[in-house]
Structures are given as structure tokens and as C-alpha cells.
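Please read the structure below before turning to the comments.
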Amino acid sequence: MSDALSASWLSTKWGIDTVKINAMRRAGELVAVRPAQSQEWLYPAWQFGPDGQVREDVARLLAAARDRGVKTEQLHELLERRSGMTGGERLRDDLAAGRIDHVLDAIRSL
């Protein structure tokens, strides 16, 4: 998986312990995926802004996914899908551009 960050990288960036980051993952505050044959959780970069902090809309996104019973792996796969019929943007790009309603509509359509 490209465009993903390790807990140790986030720990260094945020100045907090990896235990706290893993607690945020377990609490549903962060999306993390574990690649096959790996012991390490990776945190997709789309959920972080340019400053390295969690985007404000991520909480709404995760709440909508929970309401629909969408697991974090499914949510990550959804955000990697193309956003429309033409162009190269993905739903994660819509999230980064602040088009949260479009992303939420995609989740609700599952």
C-alpha cells in the first residue's frame, strides 16, 4: 500500500507514544490497515492534512462508515475507488479537497 504512514512515523510527527496511536485506531478515530503477511498497522495518508494532523472531516467519515456497518478495510478500499466516470481523482481526493458530502454519499450508497 502506497501513501500510508506507520505508527512510529506518526508518533514522531505528533510527539505521542505509539500506544496512544494504536488506542486511537482501536477507538475508531483513525483508519489503519494491516497488509497481508505484516505485523504492522499502516495509516492511510488521506486521513491527514498537510500539517500531519487528522483532517476534521475524518470523524464524520468514520461515523458514517460505522452507521452503515462498513469496516475500516472496506472504507479504505472505497476511498481508493475512482470518484467519477472520467478523470483520475479518487474519493480520497474528494476528501482532501473538502468535498465530504460526496464521500458521505458514497458510503451511504453501500
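Please treat every number below as a calculation from the coordinates, not as lab data. Note that the structure is predicted; figures quoted are calculated from it, not measured. Cβ atoms come from the backbone with ideal geometry, glycine included; neighbour counts cover every protein chain shown.
Taking H placed 1.01 Å from N in the peptide plane, check which residues at least 5 places from residue 70 or on another chain put their amide H under 5 Å from its amide H.
The answer is none.
Between residue 56 and residue 20, 0.36 nm times their residue separation minus their Cα-Cα distance comes to what? It would help to have the intermediate numbers written out before the result.
Values: separation 36, 0.36 × 36 = 12.96 nm, distance 1.87 nm.
11.1 nm is the gain from fully extending residue 56 to residue 20.
Can you pull a Stokes-Einstein diffusion coefficient for segment 1-84 at 37 °C (0.692 mPa s), Rh from Kirkwood over Cα pairs, as a whole number of µm²/s?
Working: Rh = 13.3 Å.
The Stokes-Einstein estimate is 247 µm²/s.
List the residues, sorted by chain then number, that are 5 or more residues from residue 55 or on another chain and whose placed amide H is less than 5 Å from its amide H.
48, 49
Over 15 Å apart: what share of the alpha carbon pairs of segment 35-84 falls there, rounded to a whole percent?
Working: 683 of 1225 pairs.
Tail fraction, whole percent: 56.
Per DSSP helix of 4 or more residues, -39500 (n - 2.57); summed, then divided by the residues of the chain. What does that give at 222 nm, rounded to the nearest 500? Before the final figure, lay out the partial values.
Values: 6 runs with 51 residues, N = 110.
When only DSSP H runs of four or more count, the value is -13000 deg cm²/dmol.
Which parts of segment 67-94 would a label at residue 101 reach, counting a residue when its backbone N lies under 17 Å from a point 7 Å out along Cα-to-Cβ?
Residues 94 qualify, since their backbone N sits under 17 Å from the label point.
Amide H to amide H under 5 Å from residue 4: which residues, 5+ apart in sequence or cross-chain, H placed 1.01 Å off N in plane?
Under 5 Å from the amide H of residue 4: 45.
Using bins 5 angstrom wide from zero, how does P(r) for segment 54-110 break down, in % of all Cα pairs?
Taking every Cα pair in segment 54-110, the percentages come to 4, 20, 35, 27, 10, 3.
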